[in-house]
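Asker: Got a structure for you, questions after.
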Amino acid sequence: MILHGYFRSSAAWRVRIALQLKGLTVEHRYQHLRKGEQLSPEYLAINPQGLLPSLILDDGAVLTQSLAICEYLDEQYPEPSLRPSDPVARARVRAFAQVIACDIHPVQNLRVLKALQARGQTQDDANVWARDVIDGGFDALETLVTGQTGPFAFGDTPTLADICLVPQMANARRFGVDLRWPRLSAIEAACLALPAFADTHPDLQPDAE
Ligand SMILES: N[C@@H](CCC(=O)N[C@@H](CS)C(=O)NCC(=O)O)C(=O)O
């Protein structure tokens, strides 16, 4: 398989974590987001949204959208499972992951921040916007996992919730968010004690700058 990513892409980091949890190795290709390589005709032919990540399977099929890719991996390589089997628990894990993937991350994404600046906002204004979006979202996330037991967001093993949380915590740090959520911080620490999270950290990627 081939994973198109970028060291700082939090959506690509989700897939790197899922792959490593499953013990899968892939070939990595990099699209430099700041240089706009995700918008080259060659990459748009792979992912018409011009977003990272994309996973190309051995038979040439292209998968996009990090959560869809992680769920594909979970279905194709079921152990260890990234989603609880109980339907209510599974819905809660998905909801937590979607707070990040649908409601926080897309609003503070590079193209949104660039669009704000193109409409006259300063970089500082754009960063304040990103911080506010993350801050409000993290308040909700902390509540969603308060009362859950185990070191991870939902229990004793990492799930899609953790896979989305850790990269978003890194984004939060990059934007200077005060990480004042004790349960989220404890979950992040538990995850980063695992090689699947630690080894796939953006700073350790070959294209890191
Ligand atoms: N919902 C998508 C989000 C993908 C996404 O926004 N990726 C970012 C990097 S984290 C990207 O490619 N941004 C390029 C841009 O904004 O132009 C997913 O989960 O895969």
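The values are calculated or read from the model by the stated rules, or taken from the named source; none is laboratory data. In this text the structure is predicted, and so the values were computed from the model without any measurement. Backbone-built Cβ (ideal geometry, glycine too); neighbour counts: all protein chains shown.
Asker: For the range 30-60, which residues satisfy the criterion of being more than 11 Å from the ligand (Cβ to nearest atom) and assigned to a strand (DSSP E or B)?
Answerer: Within the range 30-60, TYR30, ILE56 qualify.
Asker: Of all residues in the range 67-96, count the ones that are farther than 24 Å from THR25 by Cβ and not in a loop (DSSP other than H, G, I, E, B).
Answerer: Counting residues in the range 67-96 that are farther than 24 Å from THR25 by Cβ and not in a loop (DSSP other than H, G, I, E, B) gives 10.
Asker: Look through LYS35, LYS22 and report the one residue that is modelled with pLDDT of 95 or more, basic (Lys, Arg) and under 30 Å from LEU194 (Cα atoms).
Answerer: That would be LYS22, the only listed residue that is modelled with pLDDT of 95 or more, basic (Lys, Arg) and under 30 Å from LEU194 (Cα atoms).
Asker: Quickly run through the range 102-141 and pick out the residues that are surrounded by fewer than 16 Cβ atoms within 10 Å (Cβ to Cβ), in a helix (DSSP H, G or I) and not hydrophobic (A, V, I, L, M, F, W, C).
Answerer: Result: ASP103, PRO106, ARG111, LYS114, GLN117, GLN123, ASP124, ASP125, ASP132, GLY136, ASP139.
Asker: Tally up the residues in the range 167-193 that are over 21 Å from GLY5 (Cα atoms) and either out of contact with any helix residue (DSSP H, G or I) (no Cβ under 7 Å at 6 or more places or on another chain) or part of a loop (DSSP other than H, G, I, E, B) (or both), please.
Answerer: Summing the residues that are over 21 Å from GLY5 (Cα atoms) and either out of contact with any helix residue (DSSP H, G or I) (no Cβ under 7 Å at 6 or more places or on another chain) or part of a loop (DSSP other than H, G, I, E, B) (or both) in the range 167-193 gives 12.
Asker: Looking at (1) more than 16 Å from the ligand (Cβ to nearest atom); (2) within 17 Å of the chain's Cα centre (by Cα), which one does LEU82 not meet, given that it meets all the others?
Answerer: Here LEU82 clears every test but (1).
Asker: Can you find a residue in the range 101-117 that is touching a strand residue (DSSP E or B) at 6+ places or on another chain (Cβ under 9 Å) and within 13 Å of the ligand (Cβ to nearest atom)?
Answerer: no
Asker: Listed residues LEU67, LEU63, LEU52; which is buried (at least 17 other Cβ atoms within 10 Å of the Cβ), touching a residue at least 40 places away in the same chain (Cβ under 8 Å) and in contact with a strand residue (DSSP E or B) (Cβ under 6 Å, 6 or more places away or on another chain)?
Answerer: Step by step, each of LEU67, LEU63, LEU52 is checked, and only LEU52 is buried (at least 17 other Cβ atoms within 10 Å of the Cβ), touching a residue at least 40 places away in the same chain (Cβ under 8 Å) and in contact with a strand residue (DSSP E or B) (Cβ under 6 Å, 6 or more places away or on another chain).
Asker: Just give me the residues in the range 1-29 being among the basic types (Lys, Arg), within 16 Å of the ligand (Cβ to nearest atom) and under 19 Å from THR159 (Cα atoms), in sequence order.
Answerer: Correct list: ARG14, ARG16.
Asker: A follow-up question, please. Inside the range 178-195, can you point out the residues that are crowded, with 21+ Cβ neighbours inside 10 Å and farther than 12 Å from PHE152 by Cα?
Answerer: Scanning the range 178-195 gives a single hit, TRP181.
Asker: Can you work out which of the residues in the range 154-166 that are closer than 18 Å to GLN20 by Cβ and assigned to a loop (DSSP other than H, G, I, E, B) is farthest from the chain's Cα centre (by Cα)?
Answerer: THR157
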